[in-house]
1. Out of A54, A15, which single residue is of a type outside the set (S, T, N, Q) and in contact with a Phe, Trp or Tyr (Cβ under 7 Å, 6 or more places away or on another chain)?
2. Surrounded by 14 or more Cβ atoms within 10 Å (Cβ to Cβ), assigned to a helix (DSSP H, G or I) and over 14 Å from the mean Cα position of the chain (by Cα): does that describe L80?
3. Among the residues that make up segment 55-77, is at least one of them part of a helix (DSSP H, G or I), at pLDDT below 95, of a type outside the set (G, A, S) and touching a Ser or Thr at 6+ places or on another chain (Cβ under 8 Å)?
4. If you check every pair at least six apart or on different chains, which have Cβ atoms under 7 Å apart with a residue in segment 19-40 that is closer than 17 Å to A8 by Cβ first and a residue that is in a loop (DSSP other than H, G, I, E, B) and among the charged types (D, E, K, R) second?
5. Criterion first (in contact (Cβ under 8 Å) with a residue 12 or more places away in the chain and within 16 Å of V66 (Cα to Cα)) does A11 satisfy it?
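The values are calculated or read from the model by the stated rules, or taken from the named source; none is laboratory data. Every value quoted in this text rests on a predicted model; they were computed, and no experiment measured them. Neighbour counts run over all protein chains shown; Cβ positions are idealised from the backbone, glycine included.
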Amino acid sequence: MIRACVSAVDAWFLADIPDVPRAAKASELAALVHEAGGHMISVSKNIRQAWRRAFTLLGEGDRLVVFGSFFTAAWALPLLHKDSARLADRETA
């Protein structure tokens, strides 16, 4: 999946999911992304931190794509809902 996406992704915000023992470590994923040719890789201790880092760098016309397991989406969806007003403000500004 990383090799399929690497040319379309400008920045990678990887996070550990500490409550899921089967989850890959963000540092391990970072090595795979780097090996596949990815650049601008950020490793965070949890999804909330990764979300905040990504959100602060979003610019007009940027897209934030969250992918991984259902656990990843379950952590990210409440953050998206919380920040949806800020995202709308950015689009209208």
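1. Only one candidate passes the filter, namely A54.
2. Answer is no for this residue.
3. Looking through segment 55-77, none of the residues is part of a helix (DSSP H, G or I), at pLDDT below 95, of a type outside the set (G, A, S) and touching a Ser or Thr at 6+ places or on another chain (Cβ under 8 Å).
4. M40/D10
5. The answer is yes for A11.
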